[in-house]
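The next block holds one structure in the form of structure tokens; read it before the comments.
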Amino acid sequence: MIKVNRFTLGQKRIALAWMFIAPVVLIRLWTTLYPVLTVFYYSFLEYDLIMQRKEFAGLFNYVNLQYNQAFLDSISFTLIFTIVSVVCIVIIGTLLALLLKENFGGRKLIRTVTLIPWGLAMIIVAIAGQWMFDNSYGIVNDLIRRIGFSDFSFAWLANVRGGQVAVIIMNVWKNTSFFAIIMLAAFQGVPMELYESAKIDGASSVGIFFRITMPYVMGTFILMAIFIGVWQINSFEIVYAMTRGGPGNATSLLSYRLFIEATKNMNYGAASAITVVMFLFTAIYGLLGLSVYRKVDY
């Protein structure tokens, strides 16, 4: 009897490829899904290491969060921090990218210097910010006094609004350069023929920017805005090193509140619930951004 080979050469190659990548895929699924599922599971437990308690609690952790003032303050500042940071990074980064796109002497040097903030570790930037905004010897107060306000004295990090402004300023300074460099690469990809045709038709610089440049790079622009926003929602180091969430809970981000619950209070149930809340915020922001991305005609 003649045996018929049921598999073609292409199918054999696909099967062989899956055989080789299967271990990596399985390991990746395990290292990704297991922590996520564990966090969701813990969020439904009353898991307190100090009280040596680990039992099912249903929605207790989630219900309890709405009465936790520190958590509510963290949500409030996280929203403010994320919205203000994204808006500032996007606007300043776009303007900086347009500037770096121009042909002028020392352009390569300026581009290199622009990347320095992004290349620094956030923990270093936060410690530098702590020194810069110090009331006694900080450079910020010193510069304000030098420009004419000789009696100016403000304890930035000891004031609620001052601390929030200081944290956001340092965060924007750190992350703007990364957005600017990516947008610079996108701007340079716009065909010069489009600009030349627009100038021949008498279009102004503003008109060229909004009718040619931005529509052409809108896909990259939206994806970068999504990436930056997700980055801000999950920020941690800037607050940990610069303010420790203070004064009070004024600059406490959700990630910092999660850190406190997990490492200081040893309450893994509450920490897991906060993690789920952060996950939902990130997912909602990402889905909204992707829906806008799909609808943009670019």
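The values are calculated or read from the model by the stated rules, or taken from the named source; none is laboratory data. Nothing here was measured: the structure is a model prediction, and the numbers come from that model. Every residue, glycine as well, gets a Cβ built from its backbone with ideal geometry; the counts of neighbours run over all protein chains shown.
Somewhere in segment 115-134, is a residue surrounded by 12 or more Cβ atoms within 10 Å (Cβ to Cβ), farther than 20 Å from Ser252 by Cα, of a type in the set (Val, Ile, Thr) and touching a residue at least 60 places away in the same chain (Cβ under 8 Å)?
No, that holds for no residue.
Mind listing whichever residues of segment 141-161 are in contact (Cβ under 8 Å) with a residue 24 or more places away in the chain and touching a helix residue (DSSP H, G or I) at 6+ places or on another chain (Cβ under 7 Å)?
Leu157
Please specify each residue of segment 24-48 satisfying the condition of being among the aromatic types (Phe, Trp, Tyr) and surrounded by 12 or more Cβ atoms within 10 Å (Cβ to Cβ). Spell out the reasoning first.
To start, the set of residues in segment 24-48 that are among the aromatic types (Phe, Trp, Tyr) comprises 30, 34, 40-42, 44, 47.
Scanning segment 24-48 gives Phe40, Tyr41, Tyr42, Phe44, Tyr47.
Quick check: anything in segment 201-210 over 19 Å from Ala97 (Cβ atoms), at pLDDT 90 or above and not hydroxyl-bearing (Ser, Thr, Tyr)?
Taking segment 201-210 first, the residues over 19 Å from Ala97 (Cβ atoms) are 201-204.
Filter once more, so that each one left must be at pLDDT 90 or above: none.
The answer is no; no qualifying residue exists.
Which is out of contact with any Phe, Trp or Tyr (no Cβ under 9 Å at 6 or more places or on another chain), assigned by TED's automatic domain parsing to the domain that holds Val217, surrounded by fewer than 17 Cβ atoms within 10 Å (Cβ to Cβ) and assigned to a helix (DSSP H, G or I), of Val63, Val87?
On the way: Val63 fails: assigned by TED's automatic domain parsing to the domain that holds Val217.
So the residue among Val63, Val87 that is out of contact with any Phe, Trp or Tyr (no Cβ under 9 Å at 6 or more places or on another chain), assigned by TED's automatic domain parsing to the domain that holds Val217, surrounded by fewer than 17 Cβ atoms within 10 Å (Cβ to Cβ) and assigned to a helix (DSSP H, G or I) is Val87.
Residues that are under 19 Å from the mean Cα position of the chain (by Cα) and without any contact (Cβ under 8 Å) to a residue 12 or more places away in the chain: which helices (runs of 4 or more DSSP H) entirely in segment 205-298 hold 3 or more of them? I'd like the intermediate steps shown before the answer.
Working: elements: 205-208, 214-233, 237-242, 254-259, 268-295.
In segment 205-298, the matching helices (runs of 4 or more DSSP H) lie at 268-295.
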